[in-house]
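The values are calculated or read from the model by the stated rules, or taken from the named source; none is laboratory data. Since the structure is predicted, the reported quantities are computational estimates derived from the model, not experimental observations. Counting neighbours? That spans all protein chains shown, and the Cβs are built from the backbone with ideal geometry, glycine included.
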Amino acid sequence: MSRIGVIGLSSLEVMGIKGTLVNMPEYTSITTEITVFEHYQDFQQNADKLDLFIVGLPVFVSNIEFFMPRKARTLLINPEIKPSCSEKEEKNNSGVRQIFRNATEEEISVMLRSLFSEPEVKGNVSGDLSIREKEVLTELARGKTNKEIADILSISVNTVITHRKNISVKLGIKSVSGLSLYALMNGLI
Amino acid sequence: MPVYNRDSKLSDVILYDPSVIQVVNRFGIFLGVGDSTIRSICEEYGIDEPLFLSIVNTYLNRNYFPEGIAGRVNLRGLLDYLEKTDYYYSRILLPNVERHFTLLISKSVASEEPSNLQLLQRFFMEVKSELLDVIDNDLRNWFPALRGEGDKTIRNKGSEVGRKPYDNYVLEEKISDLINFFVIHLRGKYDHNLCVAVVSALVTLEKDIQQNNRIRDRILKPLCQE
């Protein structure tokens, strides 16, 4: 799961971001937690638990010393209209990704994909696992046996075993303790 | 991969894979071996030569299966060797990994970005505790029994006294997972040099445990099942 913190945006802007994410199927299953903060103080206190920051321009400018070291994980919402020669404007003068008030949904999703592909963010996305594999991993991390997982997910024990093998190959982790730790690190439990 | 015999020079063995230094150390042999053959060194130090060759070849070569262990290899000598290996883990290798881990965490906590190092350290502590349990079981139960000093019925008790001394593969798997966590899944800011130090210490531990498990499986197990 990827946790997104939003600060300094209007309700409409937040709805726009959420709507765009819903239409990005490859991320729908993982970006299940978007937290909107009213006050910067609350946002800062929770920043350690967040993977991505989506921030309005005034808040960004007032707290530039916080966002600059984290610019790879920050998306700035610029209230201005996008200039016509737009290619160079994907990042602002400080090198932070930005989208303008009049950005299309396609432009927003391109920007979000680019943000998700950052190495600092990618590690937490665990996009390699299928939804079913994540479900199996979650139950395994909760201490369930293969039989119990099969009953919970309404699949056969052999299918659970196959999913477990695939998870181990994809993650390079074999032991139950290691898989539980991975689930914990990635917000699956 | 070469198979060494009594006429092989010990220096050739060590130069082929220097990690074997730890193995010969456990027999009381230290660096500065000159051009002595394995036969002459074993005579000089009073070491059981078939046991020495079985251990060194099994340690170095994953495809080597010593033949005719029973009646040819000295069980007491093997247990002495394994006991020293256990002490090497508990007194040298585990504290070494732990020391590097603690230093890495202390240098990384102050950084701005969150990292998952504390969770990895917790996983390492689980591995450490499990390895220490195995060692404790070896030293308190299995080895005295196999030497005929303790409970002689232990060989038949199986799981009642914990894992058998040649069945530590889960531990091997966990150490491998821990290394893979560093290599594949590490995120956040951390001290790169200290991170490499932790991974190197873990790789050394993993390699020694893998090779030691091979020795237990191919030499100790046949002797236990006699």
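Here is how the numbers come out for the structure above:
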item	result
Failed condition for B:I41, given (1) of a type in the set (V, I, T); (2) in contact with a helix residue (DSSP H, G or I) (Cβ under 6 Å, 6 or more places away or on another chain); (3) within 27 Å of B:S200 (Cα to Cα)	(3)
Which numbered condition B:T85 misses (of (1) of a type in the set (S, T, N, Q); (2) out of contact with any Phe, Trp or Tyr (no Cβ under 7 Å at 6 or more places or on another chain); (3) within 18 Å of B:G188 (Cα to Cα))	(3)
Test for B:L60: is it modelled with pLDDT under 95 and out of contact with any Gly (no Cβ under 7 Å at 6 or more places or on another chain)	yes
Long-range neighbours under 6 Å by Cβ, at least six apart or interchain, first residue more than 15 Å from B:E206 (Cβ to Cβ) within the range B:81-98, second among the basic types (K, R)	B:Y81/B:R26; B:K84/B:R26
Some residue of the range A:31-44 being buried (at least 17 other Cβ atoms within 10 Å of the Cβ) and at pLDDT below 75	yes
Subset tally (residues that are exposed (fewer than 13 other Cβ atoms within 10 Å of the Cβ) and more than 14 Å from the chain's Cα centre (by Cα)) for the range B:79-105	0
Residue match in the range B:58-78 (condition: under 16 Å from the mean Cα position of the chain (by Cα) and hydroxyl-bearing (S, T, Y))	yes
Spans of helices (runs of 4 or more DSSP H) in the range B:136-226 with at least 1 residues within 14 Å of another protein chain (Cβ to nearest Cβ), at pLDDT 85 or above and out of contact with any strand residue (DSSP E or B) (no Cβ under 9 Å at 6 or more places or on another chain)	B:169-180, B:192-215
Hits in the range B:22-47 (condition: surrounded by 15 or more Cβ atoms within 10 Å (Cβ to Cβ) and closer than 17 Å to B:T85 by Cα)	B:Q22, B:V23, B:V24, B:R26, B:F27, B:I29, B:I47
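One line per residue, one yes/no per condition, for (1) at pLDDT 90 or above; (2) surrounded by fewer than 14 Cβ atoms within 10 Å (Cβ to Cβ); (3) within 12 Å of chain B (Cβ to nearest Cβ); (4) part of a helix (DSSP H, G or I):
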{"residue": "A:P83", "(1), (2), (3), (4)": "no, yes, no, no"}
{"residue": "A:A103", "(1), (2), (3), (4)": "no, no, no, no"}
{"residue": "A:E120", "(1), (2), (3), (4)": "no, no, yes, yes"}
{"residue": "A:L129", "(1), (2), (3), (4)": "no, no, no, no"}
{"residue": "A:K134", "(1), (2), (3), (4)": "no, no, no, yes"}
{"residue": "A:T138", "(1), (2), (3), (4)": "yes, no, no, yes"}
{"residue": "A:K144", "(1), (2), (3), (4)": "yes, no, no, no"}
{"residue": "A:A150", "(1), (2), (3), (4)": "yes, no, no, yes"}
{"residue": "A:N166", "(1), (2), (3), (4)": "yes, no, no, yes"}
